[in-house]
1. What's the magnitude of the charge dipole for the stretch 53-330 around its Cα centre, counting Lys and Arg as +1 and Asp and Glu as -1 at the beta-carbon? Answer in Debye, nearest 20.
2. So what is the 222 nm mean residue ellipticity for the chain from helices alone, if each DSSP H run of at least 4 adds -39500 (n - 2.57) and you divide by all residues, rounding to the nearest 500 deg cm²/dmol?
3. Got a sec? Which residues in the stretch 303-323 would a label at His66 touch, if it sits 7 Å along Cα→Cβ and we count backbone N under 15 Å?
4. Would you work out the relative contact order for the chain, in percent, from Cα pairs under 8 angstrom that are 6 or more residues apart?
5. Among 242-252, 134-144, what's the highest-first ranking by average C-beta atoms within 10 angstrom per residue?
6. Would you mind telling me the antiparallel percentage of the DSSP bridges in the chain, rounded to 5?
7. Determine the dipole magnitude for the stretch 183-318: charges of +1 sit on the beta-carbon of Lys and Arg, -1 on that of Asp and Glu, nothing else is charged, the reference point is the Cα centre, and the result goes in debye to the nearest 20.
8. With unit charges on the beta carbons (Lys and Arg positive, Asp and Glu negative) and the dipole taken about the Cα centre of the stretch 53-330, which residue among Thr197, Cys100, Cys237 sits farthest to the positive side?
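FYI, it's all coordinate maths here, none of it is from the lab. Note that the structure is predicted; figures quoted are calculated from it, not measured. Every residue, glycine among them, receives a Cβ derived from its backbone with ideal geometry; neighbour counts consider all protein chains shown.
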Amino acid sequence: MSSFFTRNLKRDYPVCESASGVWLTDTEGRTYLDGCSGAIVSNLGHKLNCINEAINKQLSQVAFAHTSQFLSEPGLELAEQLVELCPVDFRPGAKVYFTCGGSESVETAIKMARGFYYVQGQSERRLLISRWQSYHGNTLGALSATGHPARRKPYQSILADSIHINADYRYRCDCSISSESCNSDACSLKRANELETAILMHGPQNVMAFIAEPIVGATLGAAVPGKLYFKRIREICDKYNVLLIVDEVMTGLGRCAFNFAIEQFGVSPDIITLGKGLASGYLPLGAVLASGKVVEAFAKNGGVFEHGFTYSAHPVSCAAGLASIRYLREHQLVEKVASKSTEFFERLNQFRKFEMVGDIRGRGYLAGIELVSNREQKVPFPANLRISQLLSKHAMKHGLLLYPGSAFLDGSLGDHIMLAPPFTISDAEMDELMKRLELAFKESELSLSRQ
């Protein structure tokens, strides 16, 4: 028996031996098409020589230098590249704080928001508002912000105080009684106005920030809000001097057909978190982008952000991130995702022929398929069927990797799968993805019919 503490001690996992492009191979010689970029991480695919070479070059110069003593050239250049990618209104005076991944980025953003007010003498501002059916990470601060009931449940007693409001979850909007999703601007504004209600309830002088994913990722499976939702959120944050933190760990850097998913809503946040695809999985790396407004508060009040991690801005990780961003830009992959998005979703919409498909949603190369037992009434499958895991298992048997999600409605019910292929996937490989997904759906429905 292995000494490896796996995520599920009751499950056997294959051992990955090699990977190239959108393909992974295990030690038994089985190959898998990476239909979800791992955990929506390997945005550029596997085994890119230019990234490997950048890593090796940095290793030959210096592997580690602590940020309390040194900066690194890859870190400095990567920060410049990231700010250049930001929305225009965000760029003036913006700076980048590097972490080792998405959870650390969210944790850092929360502390940065607290520090922003603390250094200005507003120490009473400590409350964070987030949303139900959200995911922001697994460290205690990030999990406190997270709105996934099942992930929170074991640790509820040790989580920090936080306030949750409803997301603009259009498939299950209060007004949407048919099998379709809501398209009402009024409903989006109603959900956004819940933020103002929460701020007033807890006192504007006590609230420091609101955090949200532009498109809800792992928890709701690529749920896209209405076009007016974030504009109203921005108005409310400005009215009560509350910072807007946008969690782009999953959605950022081209995944949703924009450099940052928030751009499609015409809003500029105060803080942006990144992770996952920043170094495309070649090394652990995350980042927090602080707007000039946030940076200025620290600069004018002692200049110190009391925070840090041992491996923050690790030179080799930053070299991998820099090479990834350069590849993304030089090969115009954000533009490619934007141009291919319509076709991607047209092909996915063909899977509505399966009765278990309730909704298909998303943007760019980030798609979610919600699975239901009754399409007309949007009834979720019983939790014991673990339908998203079943579908993922059948897909894996056919050499396709999916990203399943469950228990997001109430901590027990709710299933979806996500598809998020690497941006580098070819047309022929996309054909193969759809073919294998079809087989997985057919076998899953056959398995259900036998129960």
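1. Details: 26 positive and 26 negative charges, 89 e Å.
The calculated dipole for the stretch 53-330 is roughly 420 debye.
2. Details: 13 runs with 160 residues, N = 451.
Calculated at 222 nm, the ellipticity per residue is -11000 deg cm²/dmol.
3. 307-315
4. Numbers: 941 pairs, mean separation 100.1, N = 451.
It comes to 22 percent, rounded to a whole number.
5. Details: 242-252: 27.8, 134-144: 22.2.
The peptides rank, most packed first, as 242-252, 134-144.
6. Values: 35 of 50 bridges.
Just about 70 percent of them are antiparallel.
7. Working: 11 positive and 12 negative charges, 38 e Å.
Magnitude of the dipole: close to 180 debye.
8. Thr197
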